[in-house]
Amino acid sequence: MEDMLFYDRMQFAFTITFHYLFPQLTMGLSLLIVYFKWKFLRTKIEKYNNAAKFWMKIFALNFAMGVVTGIPMEFQFGTNWAKFSELTGGIIGQTLAMEGMFSFFLESSFLGLFLFGEKLLGHKLHFLTGFLVFLGSWASGYLIIATHSWMQYPVGYEILENGKFVLNNFGALFSNPWLLPSYLHNQAASLVTSSFVVAGIGAFYLLNNKHHEFGKLFIKTGVIFGLISSLLVAFPTGDLAAKNVVKHQPATFAAMEGIFETETGGSEIVLIGQPNMLEKKLDNKIAVPNILSFLTYQDWNAEIKGLNEFDESVHPTNVPGLYYAYHIMVGLGTIFIGLMLLAAVQLFRRKLYKTKWILWVLMFMLPFPYIANTTGWYTAELGRQPWLVYNLLRTSEGASPTVSSGNTLFTLLGFIGLYLLLGMLFLMLAGKIINKGPELEKHE
Amino acid sequence: MELFWYIVLMTMLAIYVILDGYDFGAGIIHLFFAKTEKDKKAITNAIGPFWDANEVWLIAAGGVLFFAFPTLYASSFSGFYLPLIMILWLLIFRAIGLELRGQIQNKMWESIWDKAFGISSFLLALFFGVALGNVVRGVNLGNVVEGVSTHEAHYFFLPLWNPTFSPQAEQLGILDWFTVLLGIIGVVALTIHGANWIIFKTNSDINEKLKKVVFNLNFVLLGLVIISLLVWHIIEPKPFHNFLDKPWLFIFPIITFTGLFGLFKVRSFQQHGKGFLFSSLFLLGGLTSTVASIFPKVLPSTNNINPDLTLYNVAADEYGLSIGVYWFAIAVVLVAVYMVIQYRVFKGKMDDVGYGEH
């Protein structure tokens, strides 16, 4: 039975990881496109409208990839996690059904108008359709994270004798203390991805000596939005999200930070080190004393529980994976803030477009927010293991009872092949659009 | 409350079949009848701005199934594991076929995605018919082997086929001659439906030819429907008892046959939307008649050991179902508004929408 669970988990992990490469750009980029369009409406400078048009091409492609890889996610609750769906469907079904009704219809109805309706609608209505697509994609994120939050910190439920979770307070799903910090953290992170993509493409144009006007505009917009969003990811949203983990999932927090033993007189913050699971310690550790206690409790000497305080049965299943996911996310997040601060200073001094080395760094940084977003989600998901519903329902109890590992591996291999094809097509076509670049067309 | 959500779910599925059905049908027409670039363009333009929103009806119906009938969702999605995942793959190919075709102007590129769009549409029409066949035929709930359940009473798993292809075998498969018969009905009905949509929404050169196609295929459809009615008692000994108990249910078969017979006059219709109306009636009636025949069952059991799944024993609890009515009512109004806007903006003929051109 072990291998059954393994392939179910692999398939979900693979399909969700691949899927979320697209929505993180969709959500942030829709905001940036709406911003460009708004700038155009206000200033009537053609450049902004052309910038919006250019990014809409990338957006359309990216959105299509997000849609086609998103549908398997909803199906997989039933196909691979039938027991989980049966037991909790009365609760998470609410938020997932709401996502379909409130955000997918909104997005899909107005996307067509947004992409092909500029001439038909005029600029103001066109702006409005863009705004509605933005709203739909952010509503989708909200309802998914409401579902996610319930799994991390279940509220408003009771458990019947037959093991079913039954909703008894609808409002609690949305006033869940886990929800808002996670949502804002995630949305800010999605804006980080989009800002880095916009700035990175801008840097690519300047370094290639083409599309100067747009190159500068993209870098400037990307750096300003990138600085704001990277700061917001860390504080207050990341801080609040981490405090939720300390409070409600202390064993997870210990594993994330790499604390095997409770330290008296304040905990150090680990920068680098490898979890040694045999001897229950960190190898080759570099750490700064007392910082973690201060960040967590605003008290230099506060005690933070180590993994030794918790029974093995509630330890996160994959401690090293969780530790690395978290440290990669935090490390990259810190680098993003540093880079964007530096770029913003140069921008302010009107030297950024000539500071070649920063442009190179901006360009090569483009993939890294994707890694940070992915590892951030791994932190949340690996942190919840071995539970599907924290402390209440184990992952091993949630899989489909009748779907054998052979069938799951078959579909997993199919998904891998298909998604490799999708990934290559996306890169090829996005590369083509980027290489062609924005057009300096006059509008009619 | 269960009954309310059952009606909601069936309505959403019917809307899905009618809306995305014309997309599949258009794909099949595109595959077999569209010869010139202009015809192909006309067809993709006629569904381009809509297909994505149409597909959302499937996703939203899936969401409502999950939320209102979690046990049915869990049981059927895991039991029909393989065909469902394959439907997902086909939906992906259909979508990228439509979306990627216009990204590069190259004959080979375009013909690859044309085929991807057409073939996946054809197979999806077949699979959805087969799916309906599986639901009415029922499954071996609890995977009973030699009189003993090997799983919980509401779980099962079906392979793609069993060697006999018989709907009466002890170990059933997804594909047997009965479910394949319904699959073929699905293909024929949706081909007609898609042709009607193209006639409605384009000025394409093939429209006159499509009217003939609709007319001829309608004979095939009538024949297949009669055959299916003649053999229906094999999977359900008393196929019409619900209708005889509650005669008002005959409204559904009447809708079906109104649609079916109305289509024989397709060549004389003056308004271009009329054929589409009749094929929509046929799909609506066919789907509702079929589910009405097994009501209140939602997934019959083919063994005597485990009971049928009915809408009452698979539903979520009362509180959740009641509270759902509030947000659902708001959402329905919004969706209606979106649809009105969408269909008004793209009203009339759509040959020149320029879908997929970047």
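The table below lists the values:
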| item | result |
| --- | --- |
| Residues with amide H under 5 Å from that of B:T310, placed H, sequence gap 5 or more | B:V298 |
| Peptide-level mean, for B:321-334, of C-beta atoms on other protein chains within 10 Å | 3 |
| Cut-off 14 Å between beta-carbons: net charge of the residues surrounding A:A82, Lys and Arg +1, Asp and Glu -1 | -3 |
| Helix axis angle, A:319-348 relative to chain A longest principal axis, alpha carbon, degrees | 30 |
| Dipole of segment A:223-386 [Lys/Arg +1, Asp/Glu -1 at C-beta], most positive-end residue of A:L382, A:A343, A:P275 | A:A343 |
| Net length gained if the chain between B:D205 and B:I7 were fully extended (0.36 nm per residue, minus Cα distance) | 67.2 nm |
| Within the accessible area of segment B:2-345 (1.4 Å probe), percent carbon and sulfur | 72 |
| Exercise: per-residue mean of other protein chain Cβ atoms within 10 Å, A:400-411 | 5 |
| Residues along segment A:110-125 losing 20 Å² or more of accessible surface when the other protein chains are present rather than the chain by itself (probe 1.4 Å) | A:F110, A:G112, A:L113, A:F116, A:L120 |
| Calculated SAXS-style log₁₀ I(q)/I(0) at q = 0.20 Å⁻¹ - segment A:189-256, Debye, Cα scatterers | -0.74 |
| R0 of 56 Å, Cβ-Cβ distance B:V148-B:K347: FRET efficiency to nearest 0.05 | 0.40 |
| Chain A shape via C-alpha gyration tensor axes, a/c threshold 1.5 | oblate |
| Crossing angle, helix A:2-20 versus chain A [Cα axis fit, 0-90 degrees, rounded to tens] | 20 |
| Estimated translational D of segment A:223-386 in µm²/s (Stokes, Kirkwood radius over Cα pairs; 10 °C; 1.306 mPa s) | 94 |
| Efficiency of FRET between B:A336 and A:F348 - r from beta-carbon atoms, R0 60 angstrom, step 0.05 | 0.75 |
| Exposure rank, largest accessible area first [A:W377, B:W113; 1.4 Å] | A:W377, B:W113 |
| Gap separating the Cα centres of segment A:21-36 and segment B:307-358, nearest whole Å | 25 |
| Radius, Kirkwood style, for segment B:191-349 when every pair of distinct Cα atoms is counted (Å) | 18.8 |
| Principal semi-axes in Å for segment B:163-282 [√(5λ), Cα gyration tensor, largest first] | 31, 19, 10 |
| Fraction of the pair-distance distribution of chain B above 40 Å, Cα-Cα pairs, percent | 14 |
| Amide proton proximity set for A:A287, modelled H, under 5 Å, gap of 5+ | A:L271 |
| Accessible area buried between chains A and B, both sides summed, probe 1.4 Å, in Å² to nearest 100 | 5900 |
| Within a Gaussian network of chain A (alpha carbon springs, distance under 10 Å), most fluctuating of A:F310, A:F63, A:F196 | A:F310 |
| Calculated SAXS-style log₁₀ I(q)/I(0) at q = 0.19, 0.20 Å⁻¹ - segment A:130-214, Debye, Cα scatterers | -0.90, -0.94 |
| Pairs of Cα atoms farther than 51 Å apart, the protein assembly as shown, % | 18 |
| Accessible area per residue in Å² at 1.4 Å probe, computed on chain B | 39 |
| Accessible area expressed per residue, chain A, with surrounding protein chains retained (probe 1.4 Å, Å²) | 40 |
| For chain B, built as a Gaussian network whose Cα springs stay under 10 Å, the top-fluctuating residue of B:Y312, B:Y81, B:Y338 | B:Y338 |
| Fraction of accessible area attributable to carbon and sulfur, segment A:223-386 (%, probe 1.4 Å) | 68 |
| Span from the segment B:16-49 Cα centroid across to the segment A:320-377 one, whole angstrom | 45 |
| 222 nm mean residue ellipticity, helices alone, for chain A (DSSP H n ≥ 4; -39,500 (n - 2.57); rounded to 500) | -23500 deg cm²/dmol |
| Kirkwood Rh in Å, taken over all unlike Cα pairs in segment B:222-277 | 13.3 |
| Angle in degrees between helix A:212-232 and the longest Cα principal axis of chain A, rounded to the nearest 10 | 30 |
| For residues of B:78-90, the mean tally of beta carbons on other chains within 10 Å | 6 |
| Potential lengthening between A:T262 and A:F14 on full extension [0.36 nm per residue; Cα-Cα distance subtracted] | 85.8 nm |
| Cα-projected label distance for A:L125 with B:N216, points at 7 Å along beta-carbon direction, nm | 4.2 |
| Inter-part distance where segment B:197-219 and segment A:237-265 are each reduced to a Cα centre, Å | 66 |
| Share of alpha-carbon pairs per 10 Å distance bin for segment B:1-102, given as whole % | 14, 39, 29, 14, 4, 0 |
| Nearest-0.05 FRET efficiency for A:N391 and B:D245, computed from C-beta distance (R0 30 Å) | 0.05 |
| Whole-Hz ³J(HN,Hα) from phi, Karplus 6.51 cos²θ - 1.76 cosθ + 1.60, for segment A:389-401, glycine and proline x | 10, 3, 6, 10, 9, 7, 4, 5, 8, x, 6, 5, x |
| Distance violations [Cα-Cα > 26 Å] among A:K39/B:K347; A:K436/B:K349; A:K285/A:K305 | A:K39/B:K347; A:K436/B:K349 |
| Packing rank of B:315-324, A:143-152, where each peptide gets the mean count of other beta carbons within 10 Å, highest leading | A:143-152, B:315-324 |
| Projected label distance in nm at A:D3 and A:Q298, using a 7 Å step from Cα toward the beta-carbon | 5.4 |
| Fraction of alpha-carbon pairs over 16 Å apart in segment A:42-97 - percent | 62 |
| At least 15 Å along the helix axis (C-alpha) and Kyte average at least 1.6, DSSP helices within chain B | B:81-100, B:177-201, B:251-262 |
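The values are calculated or read from the model by the stated rules, or taken from the named source; none is laboratory data. The structure displayed is predicted, hence computed values, not measured ones. Glycine also receives a Cβ, built like all others from the backbone with ideal geometry; neighbour counts cover every protein chain displayed. We work out accessible area using only protein heavy atoms, side chains counted, and drop any ligands, DNA or RNA first. Shrake-Rupley method; radii C 1.70, N 1.55, O 1.52, S 1.80 Å.
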